[in-house]
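Q: My questions all concern the structure below.
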Amino acid sequence: MWKNLHQIRAFRSGSNDRFSFVTTPIFYVNAAPHIGHLYSAIIADAIHRFNVLTSPAASHLEPPIFSTGTDEHGTKIQLAAQAHAVPVATYCGQISDQYRKLFRNFGVDYTRFIRTTDPDHVSAVQCFWQALERSGSVYSANYAGWYCVPDETFLTDSQLKENDSGVKVSVESGHPVEWTEETNYMFKLNRHQDDVLYWIKHCEDRIVPLKFRKICLDFLQEPLPDISISRPKSRVSWGVEVPSDSTQSVYVWLDALVNYLTVTGFPHIEHQRCWPPTVQVLGKDILKFHGIYWPAFLIAARLEPPKQLLVHSHWTVDNQKMSKSKLNVVDPNERAALYTHEGMRYFLLREGVAHSDGNYSDTKIIRILNAELADTLGNLLSRCCGKALNPEAVVPSFDQETFQELKSLDTTKRLLDLLQALPEKCHLHYREYNFYLVVDSVIQLLHAANGFFEGTTPWTLKKSEDKPRLRTILNITMEVLRQAGIILQPIVPVMSGQLLDKLSVPRKRRLWSDLRVNFAITERSLMGSEAILFRRIVAPKEENVVKKEPKMKKIKQKN
Ligand code: MSP
């Protein structure tokens, strides 16, 4: 019984909470990436970066793992390659490269990019299959049912409906189904129903947000049917061969899920050092595969299921699902040309919430980026680094006496209170994957800093004798910016890097543990000449925004 296995493992290895192993789903190569795909990857990247930021670089810890990649087998991919008149392997390589490039450009800092066509993955799938067989969870059966090619799955009557044209389709995806009769290998899913239930219930935040945990528990209310885990090779030839039967290919979803094991070196013994994943990120459409099938497969193979699943909702456009036929697919590369890669990362993590769908809108993105990155963060940096107030281009030294005086002002008190509370608040938000609240807290602090700046009118001190006051105001503001830069690293890594570079914060002093409030005692020079973090974007006329390639000019930020 897995319940016992789990206890043995926990006893044997102790908790390894400080090890970080984050995964994204692997992406189908039947079409080019869109912002929804990028979103899954950026969420996982932000979690990975936060884990690195907060974990001490101790030699006894396993290096963190952050895996992503492409899901390349199955009929859907075969058909897409045919439609492009390209050999299937070449086609997979082309789209897989698009994902790799996308992730490089958007700073998705993975440690392994896996392709299901990689040789180590193919052998991991076959070893995993054999482990399932050894556990007595696999049997052969004649299978007849409605099969949905785009979803690569058999559907039961209750999962089907007739669409407006009288065609039988999947209720969930709307994709058409066809009657199929074949010999398949089946997996005894039903046998592991209680174990999956135990796995979910054993830990309050096993599946977050809670609404998705509840959906999984609802699936488990009814007895689970056994599932087919192979397809005749005559129908699905582009796949991994079943080890003991060369007429069958492994079901693409089983093949795909095993990628999470492959990246740890499975089946080699050292894979155990980093198993299981600490958090697996996935979209709501693939919840059943990750929340029910995946733990059941692992338990059958005597492996521990993941510690946590983070499920996110979807991006829609005009509140409609993105789809090629509706011509409303948002291409991240095209948008990055207008708003920058960092701008897109900021927007997706700032506006996206895991529990409900987000609506993509160009008007909204322009408004947010201009108001927050240009006018709030960028402007504050330019003000305190610019020649007007800071001709010597330094982080000026701090004057204790002036500081005491400034502290009596309400605007200073408010700023210092927010500053003190910021690290703990943001730590919690990151741990709960509420990136929008991290950004909210930082922006609130920056507004308070802008208020402090306005209230203390440092520009009136330029020509006066009161240099300690001017120096101290700049010093406090720059400390706020240092904190904002450290905290925002998982969200906008390049921009935060530029901000911290400008403030001459050494690379080794950008960890979470460096967030203690630390007003610089000795003066240090600023780096570089320009301090423009984000240039304002000029919004085109409303009717142009929705066009595929809107023309937008970028103009220089005003200080
Ligand atoms: N290949 C499977 C996953 C196998 S993992 C073992 C798959 N691929 S996918 O390319 O269709 O989707 C990959 C991820 O992108 C999923 O997390 C999915 O939810 C996400 N998104 C696809 N469209 C999306 C939106 N419109 N919005 C947000 N995320 C979406 O499923």
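The values are calculated or read from the model by the stated rules, or taken from the named source; none is laboratory data. Only a predicted model underlies this, so the values are computations on that prediction, with no experimental measurement involved. Neighbour counts run over all protein chains shown; Cβ positions are idealised from the backbone, glycine included.
Q: Quick one: which of SER158, SER165, SER123 is in a helix (DSSP H, G or I), over 25 Å from the mean Cα position of the chain (by Cα) and modelled with pLDDT under 95?
A: Details: SER165 fails: in a helix (DSSP H, G or I); SER123 fails: modelled with pLDDT under 95.
Being in a helix (DSSP H, G or I), over 25 Å from the mean Cα position of the chain (by Cα) and modelled with pLDDT under 95 holds for just one of SER158, SER165, SER123, which is SER158.
Q: From the list PHE50, PHE103, pick out the single residue that is within 16 Å of the ligand (Cβ to nearest atom), outside any loop (DSSP other than H, G, I, E, B) and buried (at least 19 other Cβ atoms within 10 Å of the Cβ).
A: The unique qualifying residue is PHE103.
Q: Moving on. Collect the residues in the range 398-416 that are in contact with a Leu (Cβ under 8 Å, 6 or more places away or on another chain) and not β-branched (Val, Ile, Thr), keeping them in residue-number order. If you could, list the steps in order and put the result at the bottom.
A: If we filter the range 398-416 for residues that are in contact with a Leu (Cβ under 8 Å, 6 or more places away or on another chain), which is where we start, we get 407, 412, 415.
Once the filter is applied, which keeps residues that are in contact with a Leu (Cβ under 8 Å, 6 or more places away or on another chain) and not β-branched (Val, Ile, Thr), the range 398-416 yields LYS407, LEU415.
Q: So for the range 125-145 (the condition being surrounded by fewer than 16 Cβ atoms within 10 Å (Cβ to Cβ) and farther than 28 Å from ASP245 by Cα), does at least one residue qualify?
A: no
Q: If you don't mind, there's one more thing I want to ask. I'm trying to understand the selection: among the residues of the range 61-93, which are without any contact (Cβ under 8 Å) to a residue 40 or more places away in the chain, over 21 Å from VAL258 (Cα atoms) and not in a loop (DSSP other than H, G, I, E, B)? Walk me through it before giving the result.
A: Pass one, the range 61-93, residues without any contact (Cβ under 8 Å) to a residue 40 or more places away in the chain: 81-87, 89-90, 93.
When the remaining residues are screened for being over 21 Å from VAL258 (Cα atoms), the result is 81-87, 90.
The answer is ALA81, GLN82, ALA83, THR90.
Q: Going through the range 263-281 one residue at a time, which ones are within 29 Å of ARG213 (Cβ to Cβ) and of a type outside the set (Ser, Thr, Tyr)? It would help to see each step written out before you state the result.
A: At the first step, the residues of the range 263-281 found to be within 29 Å of ARG213 (Cβ to Cβ) are 263-264, 266, 271-281.
If the condition is that a residue be within 29 Å of ARG213 (Cβ to Cβ) and of a type outside the set (Ser, Thr, Tyr), then VAL263, PHE266, HIS271, GLN272, ARG273, CYS274, TRP275, PRO276, PRO277, VAL279, GLN280, VAL281 are the ones that fit.
Q: Moving on to the next point. Go through ASP226, ASP218, ASP245, ASP255 for me and flag whichever is free of Cβ contacts under 8 Å to residues at least 40 places away in the same chain and either over 30 Å from the mean Cα position of the chain (by Cα) or assigned by TED's automatic domain parsing to the domain that holds ALA80 (or both).
A: Details: ASP226 fails: free of Cβ contacts under 8 Å to residues at least 40 places away in the same chain; ASP245 fails: free of Cβ contacts under 8 Å to residues at least 40 places away in the same chain; ASP255 fails: free of Cβ contacts under 8 Å to residues at least 40 places away in the same chain.
Only one candidate qualifies: ASP218.
Q: Can you confirm whether PRO306 is within 13 Å of the ligand (Cβ to nearest atom) and out of contact with any Ser or Thr (no Cβ under 6 Å at 6 or more places or on another chain)?
A: On the way: within 13 Å of the ligand (Cβ to nearest atom): yes; out of contact with any Ser or Thr (no Cβ under 6 Å at 6 or more places or on another chain): yes.
For PRO306, the condition - within 13 Å of the ligand (Cβ to nearest atom) and out of contact with any Ser or Thr (no Cβ under 6 Å at 6 or more places or on another chain) - is met.
Yes or no, residue by residue, for (1) at pLDDT 95 or above; (2) over 19 Å from ASN518 (Cβ atoms); (3) surrounded by 21 or more Cβ atoms within 10 Å (Cβ to Cβ):
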position: ASP375; (1), (2), (3): yes, yes, no
position: LEU380; (1), (2), (3): yes, no, yes
position: ALA388; (1), (2), (3): no, yes, no
position: ASP417; (1), (2), (3): yes, no, no
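Q: Hey, any hits in the range 477-493 for a residue that's small (Gly, Ala, Ser) and either in contact (Cβ under 8 Å) with a residue 60 or more places away in the chain or in a helix (DSSP H, G or I) (or both)?
A: So the first thing to find is which residues in the range 477-493 are small (Gly, Ala, Ser), and the list is 484-485.
Now restrict to residues that are either in contact (Cβ under 8 Å) with a residue 60 or more places away in the chain or in a helix (DSSP H, G or I) (or both): 484-485.
Looking for residues that are small (Gly, Ala, Ser) and either in contact (Cβ under 8 Å) with a residue 60 or more places away in the chain or in a helix (DSSP H, G or I) (or both), one finds at least one in the range 477-493, hence yes.
Q: Looking at the range 224-248, which of its residues are closer than 19 Å to ASN30 by Cα and away from the ligand (no atom under 16 Å from the Cβ)? Before you say what the answer is, go through the steps one by one.
A: Kept after step one, since they are closer than 19 Å to ASN30 by Cα, are these residues of the range 224-248: 235-240.
Matches in the range 224-248: ARG235, SER237.
Q: Could you tell me which numbered condition GLN221 fails, if it satisfies all but one of (1) within 16 Å of the ligand (Cβ to nearest atom); (2) of a type outside the set (A, V, I, L, M, F, W, C); (3) assigned to a loop (DSSP other than H, G, I, E, B)?
A: (1)
Q: Specify the residue that is farthest from the ligand (Cβ to nearest atom); the eligible residues are those in the range 309-341 that are in contact with a Phe, Trp or Tyr (Cβ under 8 Å, 6 or more places away or on another chain) and farther than 26 Å from LYS211 by Cβ. Walk me through it before giving the result.
A: Here is the first cut: in the range 309-341, the residues in contact with a Phe, Trp or Tyr (Cβ under 8 Å, 6 or more places away or on another chain) are 309-312, 315-317, 322, 330, 332, 336, 339-341.
In the following step, the residues that additionally are farther than 26 Å from LYS211 by Cβ were identified as 332, 336, 339-341.
Working: PRO332: 12, ALA336: 17, TYR339: 18, THR340: 21, HIS341: 18 Å.
Checking each candidate, the answer is THR340.
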